[in-house]
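The values are calculated or read from the model by the stated rules, or taken from the named source; none is laboratory data. Because the structure is a prediction, the values reported are computed rather than measured. Glycine also receives a Cβ, built like all others from the backbone with ideal geometry; neighbour counts cover every protein chain displayed. Surface areas here come from the heavy atoms of the whole protein model, side chains and all, with no ligands, DNA or RNA. Shrake-Rupley method; radii C 1.70, N 1.55, O 1.52, S 1.80 Å.
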Amino acid sequence: MTLKTTLIDAAELAALPSQDVLVVDCRFDLADPDKGHRDYLDSHIPGAVFASLDHDLSDLSRQPEGLGRHPLPLEPAFNALLSRWGWHAGMQVVSYDAGNGALAAARLWWLLRLVGVQQAAVLNGGYAAWLAARLPTESGEPVARPVSQVSLHYDANQVLVDHAALLGGASGQLLDARAAPRYRGDVEPLDRVGGHVPGALNRPFADNLGSDGRFKSPAQLHEEFLAVLGSTAPSDVVHMCGSGVTACHNLLAMEHAGLHGSRLYAPSWSGWVSDPARPIAKG
């Protein structure tokens, strides 16, 4: 079996032996955090387990630490989650959401890479693509998997939480994945104030997708990211967004385009503006 490390198509996923793949339903709605689980219970890819952005892929109790709206889960909690799912080394993981992979599907993909798991991919086109292919579904909770023992560690070199280090570009070129109006500070529906970190460039994550809701080709993504980044090396790129979630979509897109080694500023804009003394740029 050829392991997938960025994206996988619905037909490719359907062809994988079920015992060799862990499928994770990551559907989530910021306006209704429980909707994803309700949708999962109603219908999902056979055998898929469910991951909540708020409860499994984030630790909301850490928000007072200035780590943004979706702080990373601590290592023991993430290991416990993988153990409950029955994950083991060498197993292919495929995450999906409702469509474009912009919320928790790419976040789970990145968390797995953070603990050294490379054989993880996002379902291109998400659950919508699975349904469009008329592939089977099931409802309710799946049969429990045998629990495994997982003990992995975050790679501290892949995530930036040092707010002060971002100023002046010493830590790399920031690339903001939010929509242009939020980046400019024209609107801000979620955080204390609008704008962006001084020096950050803008690449809205939605630009990674074609009109069909699937990722553009690696060649097109490669060209478009270089048009934004210029001569900046991929390893010098640090992604951010509102809370460290949709930024993973840009990181995934760059990896799919062959632009390897970029990192994540996990607290992102919500963490940056937690201190009113930090500078803000607009326009």
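Using bins of 10 Å that start at zero, the share of Cα-Cα pairs per bin across the stretch 145-283 amounts to 12, 42, 31, 12, 3, 0, in whole %.
Computed from the alpha carbon positions, the gyration tensor of the stretch 122-166 leads to an equivalent ellipsoid with semi-axes of 36, 22, 9 Å, biggest first.
Atom-type composition of the exposed protein surface of the chain places 55 percent of the accessible area on carbon and sulfur (1.4 angstrom probe). Put a plus charge on the Cβ of each Lys and Arg, a minus charge on the Cβ of each Asp and Glu, and nothing anywhere else: the dipole of the stretch 145-283 about its Cα centre is then about 200 debye.
Annotation: the antiparallel percentage among DSSP beta bridges lying fully within the chain is about 10.
Per residue, the convex hull spanned by the Cα atoms of the stretch 104-190 amounts to 205 cubic angstrom.
A quarter of the convex hull surface defined by the alpha-carbon atoms of the chain gives 14.0 nm² as the mean projection.
Computed from Cα positions, the angle between helix 104-114 and the longest principal axis of the chain comes to roughly 80 degrees.
Just the accessible area per residue of the stretch 58-213, please: how many Å² with a 1.4 Å probe? Dividing the accessible area of the stretch 58-213 by its residue count gives 43 Å². For the stretch 232-283, what does the alpha-carbon gyration tensor say about shape, rounded, prolate or oblate, given a ≥ b ≥ c as the root eigenvalues, a/c under 1.5 as rounded, and a/b over b/c as prolate? Prolate is the answer for the stretch 232-283, as a/c is 1.5 or above and a/b outweighs b/c.
Taking the C-alpha atoms only, the angle from helix 75-85 to the longest principal axis of the chain is near 30 degrees. Between D236 and S171, the modelled label-to-label distance comes to 1.7 nm, taking each label 7 Å out from Cα in the direction of the beta carbon.
Straight-line reach only, C-alpha to C-alpha below 26 angstrom: list the lysines that K216 could link to, leaving out same-chain residues fewer than 8 apart. Those lysines meeting the cut-off are K4. Applying both filters, DSSP loop and at most 13 other Cβ atoms within 10 Å, to the trypsin sites (Lys or Arg not before Pro) of the stretch 192-283 gives R192, K282.
Based on DSSP H segments of at least four residues, each scored -39500 (n - 2.57), the chain has a per-residue ellipticity at 222 nm of -7000 deg cm²/dmol.
In degrees from 0 to 90, rounded to the nearest 10, what is the angle of the helix 218-229 Cα long axis to the longest principal axis of the chain? Taking Cα atoms only, the helix is inclined about 20 degrees. Here's the list of aspartates and glutamates a cross-link from K282 could span, going by alpha-carbon distance under 20 Å and ignoring same-chain residues fewer than 8 apart: D176, D186, E188, D191.
Take the alpha carbon gyration tensor of the stretch 49-159, find the square roots of its eigenvalues, order them as a ≥ b ≥ c, and report rounded if a/c is under 1.5; if not, report prolate when a/b exceeds b/c, else oblate. Prolate is the answer for the stretch 49-159, as a/c is 1.5 or above and a/b outweighs b/c. Per residue, the stretch 1-54 exposes 45 Å² of accessible surface when a 1.4 Å probe is rolled over the protein heavy atoms with every protein chain present.
The alpha carbons of the stretch 7-102 occupy a box of 44, 30, 23 Å along the principal axes, longest dimension given first.
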